[in-house]
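So the structure is just underneath, and the comments pick up after that.
The values are calculated or read from the model by the stated rules, or taken from the named source; none is laboratory data. This one's a predicted model, so the numbers in the text were calculated from it and none came from an experiment. Quick reminder, even Gly has a Cβ in these numbers, built from the backbone with ideal geometry, and neighbours come from all protein chains shown. Accessible surface areas use protein heavy atoms only, side chains included; no ligands, DNA or RNA. Shrake-Rupley method; radii C 1.70, N 1.55, O 1.52, S 1.80 Å.
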Amino acid sequence: MQMRFLKLIDRFKSAQVHALNPPLPEETSSSSSSSSSSVDASSATAAAAGDNKLNPPLLKLIRSRPKPHNSLSLADSLLLAYGLPNAQLIEPPIEPHLRPLNFVHALADIYRRLQASSLHDKALICIEQYSVLRSLGDPKLLRRCLSNARLFASDVHSKVVLSAWLRFERGMDELPGFSTVESPGDDLICRCVSNSVCGYCQSCREGPSALVLDEIEDSNSEEESGVLFCVGNEEVRCLRSKIAALSLPFRTMLYGSFVESKREIIEFSHNGISLKGMQAVEIYSRTKRLDPFGPEIVMEMLTFANRFCCEEMKSACDAYLASQVGNLEDVTALMDYGLEETAHLLVASCLQVLLRKLPRSLYIPKVMKLLCSSEARERLAMVGHASFMLYYFLTQVALKESMVADTTLVLLERLKECATEKWQQALALHQLGCARLERKEFKEAQSCFEEAAELGHAYSIAGIARARYKQGQQYLAYKLINSVISENNKPSGWMFQERSLYGIEGDKISDANAATKLDPTLLFPYKLRAVVKAEEQQIRAAISEIDRIIGFKLATDCLELRAWFSIAAEDYASAIRDIRALLTLEPNYMAFNGNISANRLLELLSHQIEQCSQADCWMQLYERWSSVDDIGSLAVIHHMLANDPKKSLLWFRQSLLLL
């Protein structure tokens, strides 16, 4: 181990040479054909070498090929333009998930706590289980955790969030003409009306005085007396006992010691309600119904109910308005009002629609304004709708959309503010560090990772090392990860994977091999070995390394890498196969480090092989389907759909393969 440190120290004493490919050139014009891609071999190679665009292994590979008519092949032209993949291009990201040192012990502890906890705590423990299992990448396990959490959820807010979260994880986008769920407002009312909350004033929480009760009982024995409420120049005739029954303040006013108890006409012009609103209050006081009124009148009644502590009327208005929320336009119109009036069900209904429309709702400024700021979180908390669970879901969606977006960063800050338990704080800080690392805010990222590590999250140490590495402190990064490995009796695979990024050339492959031995599911060690073999001109061996990954995980970047190596080997048929399969998974994929679209690359390569008819494609599909060649089958179906996109049978076969 000391010899490694000596080698590293000697290396950092000398001038450091970065074997990096410089920025790649722009994509060539789409009008160029395969024949026009041939260029003079000697001049192209010399120009590339003069501009330092190619590393020596690539130059050696190109020069070793036979060049008829002194021209480059399409493969050489692409390699001249985009180079071979290097270790920097395949560098693994720091995963924004909890990663315990011992998965088995961590999951066993969660299970024990889940069995011993009260029903109220079970939902949050299931979310903790979800956060631990996320790094495994098994969607079925994650959906099971969310389903259990929803089953144990005991409050309105948790049910709304978890239902939307589970829906998002299932990818339940509605098909045109079909509705996969019930009306959001009606669904919410059925589940939540009994749990609605109302912000009572102090007088509403206190019971009525004995004097008031006696006076109301006396009035009930007499003939129903009326009272006129004057609103502007108009009068609204009401039954005194019905209005008094709306709330304790009204009972006190109409039957207590106030002067209004003796009057038959009460001035009501300066109480924030219109004539139509007061007429609606009168009708509601007798019928307890809101259906004759429109949303604007009901909103006025809700404000009136809040002012005079009319608990029952407020709950009815809240439920009615909640049932009117059906789209994001309704959310922007009603959610701010619901927060202002502390309408619990209305806010919950708006939140339900907003969450069901993710990720689209992330791009609506008015909607995000209601969620992202500290003030917005405080307003949500006042109506019982700000929680770690809510912001955890929002950040998961935002991270999936873009780790560098400002919205993602702000939501992560809110997540940190909502975190109360130790694991929640560690998760929020670790994810915030990952986002800042992607934004190239390396010092801030290091600070976040350090705080998470202090809370006991060992994997955040990898984030600290990566942030230091990005700041040019490669030796310190190596030393930090090396100390983590030394301190653990049973080191994890990710530790050796991380150290392979910072070590000297001879040790990189050794650490990659150790990482694969400890955790065969880590992808980077395979990619690193493949890149090293490609640099040594062992292209077939490099492809074999990627085959080992694709044998257990179909990843778009691995398909691209294998296609890249196939192009270097001038095996255009295999490259086309992988690119077609890649486009099936991600139609807008950008290849070669984002410098050329996969569709354009497919177009260039297609000129190099003989085109198949639809009948030939059916034969190929039968052969690949029979030999359980899923990637080959996806590629053939992609080709056939390009020729006949309306063939429903092909879409059905593709869906079977993608399952």
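Spatial offset of the stretch 420-491 relative to the stretch 586-632 amounts to 41 Å, using the alpha carbon center of each. Its Cα gyration tensor gives the stretch 431-489 an equivalent ellipsoid; the semi-axes, largest first and in whole Å, are 18, 14, 7. Backbone geometry of the stretch 440-451 corresponds, through the Karplus equation with coefficients 6.51, -1.76 and 1.60 at θ = phi - 60°, to 3J(HN,Hα) couplings of 6, 9, 5, 5, 5, 4, 4, 4, 5, 5, 5, 5 Hz, x marking Gly and Pro.
Among the trypsin sites (Lys or Arg not before Pro) found in the stretch 575-659, those both in a DSSP coil and sparsely packed, with 11 or fewer other Cβ atoms within 10 Å of their Cβ, are LYS646. Apply the a/c threshold of 1.5 to the C-alpha gyration tensor of the stretch 581-623 and tell me whether it is rounded, prolate or oblate. Because a/c hits 1.5 or more and a/b fails to exceed b/c, the stretch 581-623 counts as oblate. Can you give the log10 of the normalised intensity I(q)/I(0) at q = 0.16, 0.22, 0.24, 0.27 Å⁻¹, computed with Debye over equal Cα scatterers of the stretch 82-154? Once normalised to I(0) and log-transformed, intensities are -0.62, -0.97, -1.09, -1.24. Between amide H atoms placed 1.01 Å from N, distances below 5 Å from ILE596 occur with ALA591, all of them 5 or more places distant or on a separate chain. Our Cα-only numbers for the stretch 464-598 put the radius of gyration and Dmax at 16.5, 49 Å. Kindly state, to the nearest 0.05, the FRET efficiency for TYR111 paired with ILE283, given R0 = 45 Å and r defined as their beta-carbon distance. FRET efficiency, TYR111 to ILE283: 0.20.
Once backbone amide H atoms are built at 1.01 Å from N, LYS647 has no partners under 5 Å, excluding neighbours fewer than 5 places away on the same chain. Using only the Cα atoms of the stretch 528-658, build the gyration tensor, take square roots of its eigenvalues as a ≥ b ≥ c, and label the shape rounded, prolate or oblate: rounded if a/c is under 1.5, else prolate if a/b is larger than b/c, else oblate. Taking the square roots of the gyration eigenvalues as a ≥ b ≥ c, the stretch 528-658 is prolate. Per-residue SASA remark: ASP616, around 80 Å² accessible (1.4 Å probe; ligands, DNA and RNA not included).
For the stretch 341-426, take the convex hull of the Cα atoms, compute a quarter of its surface area, and give me that in nm², please.
Details: hull surface 21.7 nm².
It is 5.4 nm².
Between SER118 and ILE485, the simple label model (points 7 Å from Cα in the Cβ direction) yields a spacing of 4.8 nm. In straight-distance terms, cross-link reach from LYS242 covers every one of the lysines whose alpha-carbon lies under 21 Å from its own, apart from those fewer than eight places away in the same chain; here that gives LYS262, LYS276, LYS288, LYS314.
Using a 10 Å cut-off on Cβ atoms, rank the peptides 625-635, 304-314, 541-551 from the highest mean neighbour count down. Walk me through the numbers on the way to the answer.
On the way: 625-635: 17.3, 304-314: 21.1, 541-551: 19.0.
Packing proxy ranking, top to bottom: 304-314, 541-551, 625-635.
Using a probe of 1.4 Å, the accessible surface attributed to TRP423 totals some 30 Å² when neighbouring protein chains are kept in position.
Here the Karplus curve 6.51 cos²θ - 1.76 cosθ + 1.60, taken at θ = phi - 60°, turns the phi angles of the stretch 249-265 into couplings of x, 5, 4, 5, 5, 8, 10, x, 9, 6, 5, 5, 5, 9, 9, 9, 10 Hz, with x standing for Gly and Pro. Computed with a 1.4 Å probe over protein heavy atoms only, the accessible area of GLU282 comes to about 20 Å². For the stretch 401-452, applying the loop criterion from DSSP together with a ceiling of 13 other beta carbons within 10 Å to the trypsin sites (Lys or Arg not before Pro) yields LYS440. By its C-alpha gyration tensor, with a ≥ b ≥ c as the square roots of the eigenvalues, how is the stretch 419-519 shaped: rounded for a/c under 1.5, else prolate for a/b larger than b/c, else oblate? It comes out oblate by the Cα gyration axes. How far apart, in nm, are the 7 Å Cα→Cβ label points at SER648 and ASN102? Placing both labels 7 Å beyond Cα along the Cβ direction yields 5.6 nm. Across the stretch 397-404, coupling constants 3J(HN,Hα) worked out from phi with the 6.51/-1.76/1.60 Karplus curve, θ = phi - 60°, read 5, 5, 5, 5, 6, 6, 7, 9 Hz, and Gly and Pro carry x.
Kindly provide the Kirkwood hydrodynamic radius of the stretch 283-337 in Å, to one decimal, from all pairs of distinct alpha carbon atoms. Don't skip to the answer; put the middle values down first.
On the way: mean 1/r = 0.0865 Å⁻¹.
This gives a value of 11.6 Å.
Distance between the pseudo-spin-label points of ILE609 and SER655 (7 Å out from Cα toward the beta carbon): 2.8 nm. Looking at the stretch 557-659, the GluC sites (Glu not before Pro) that sit in a DSSP loop and have at most 16 other Cβ atoms within 10 Å of their own Cβ are GLU570, GLU610.
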